[in-house]
Amino acid sequence: MVQALDQPTIAKWSLDDYHQMIKAGILCDRQVELLDGDIVEMVPTEPLHDFLGDEVADYLRDLLGTRARVRECKGVTLPTSEPQPDIAIVERTSYREHHPRPENIYLLIEIAKSRPLRDTETKRKLYAQAGIQEYWVINLKRGELRIFRDPTGTDYRVDIVWNQETIRALAFPEVVIALDKLIKP
């Protein structure tokens, strides 16, 4: 394929490049995440988003106890990306040397309002490609929970809006989660 002369070539960044920029302090004053080789500005959050994130994370911590670690707005490392999901349910192990990797991740949750397409399209595909078994998006505008399960390599086989009163995460079938605690705390 021949590229037109007036079209710019977009440089993709590797995880190593991204980590070097972080260590060098280049990104220290920026709220960014690496998505499929692109360094993307994160959307500023509103009080409702932050409140809901805190409430959902605290609720899940209470339910899960010592079964897993609940992390808020911290990086996870995927093959070509290092997103910062609103909530990550991960193995209880030390992350002093690296962020959780796909094999450490039970469930990722994003809280969407201003840019739900980034969460339901871009991140969904990245998470599926990384083999993340379960991904939830809490859509504040619609007051709904969208569930993605069973990654196929490029997407998820299951993509549903959850409308039952309770849900169980695949990794923790014994834990009953009340839907209203996720979308209307």
Query raised in the report: So Ile147 clears everything in (1) loosely packed, with under 15 Cβ neighbours inside 10 Å; (2) within 16 Å of the chain's Cα centre (by Cα) except one condition, right? Which one?
Result: (1)
Query raised in the report: Of the residues that make up segment 141-161, is at least one in contact (Cβ under 8 Å) with a residue 40 or more places away in the chain and out of contact with any Asp or Glu (no Cβ under 8 Å at 6 or more places or on another chain)?
Result: yes
**Report entry** Scope segment 28-66; condition assigned to a loop (DSSP other than H, G, I, E, B), surrounded by 15 or more Cβ atoms within 10 Å (Cβ to Cβ) and in contact (Cβ under 8 Å) with a residue 12 or more places away in the chain; matching residues
**Finding:** Asp36, Gly37
Report summary line: The one condition Glu103 fails out of (1) within 26 Å of Ile147 (Cβ to Cβ); (2) surrounded by 16 or more Cβ atoms within 10 Å (Cβ to Cβ) is (2)
**Report entry** Failed criterion for Pro116 (all others in (1) farther than 26 Å from Lys181 by Cβ; (2) touching a strand residue (DSSP E or B) at 6+ places or on another chain (Cβ under 9 Å) hold)
**Finding:** (1)
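Please work out if Asp86 is of a type outside the set (Val, Ile, Thr), surrounded by 15 or more Cβ atoms within 10 Å (Cβ to Cβ) and at positive phi.
Values: of a type outside the set (Val, Ile, Thr): yes; surrounded by 15 or more Cβ atoms within 10 Å (Cβ to Cβ): yes; at positive phi: no.
So Asp86 does not fit the description; no.
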Query raised in the report: Given the conditions (1) in a loop (DSSP other than H, G, I, E, B); (2) of a type outside the set (Val, Ile, Thr); (3) at pLDDT 85 or above, and given that Ala4 satisfies all but one, which numbered condition is not satisfied?
Result: (3)
Query raised in the report: Looking at segment 118-138, is at least one residue crowded, with 18+ Cβ neighbours inside 10 Å and of a type in the set (Asp, Glu)?
Result: yes
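The values are calculated or read from the model by the stated rules, or taken from the named source; none is laboratory data. Remember, predicted model here, so these are calculated numbers, not experimental data. Because the Cβ atoms are built from the backbone with ideal geometry, glycine has one as well, and the counts that use them run over all protein chains shown.
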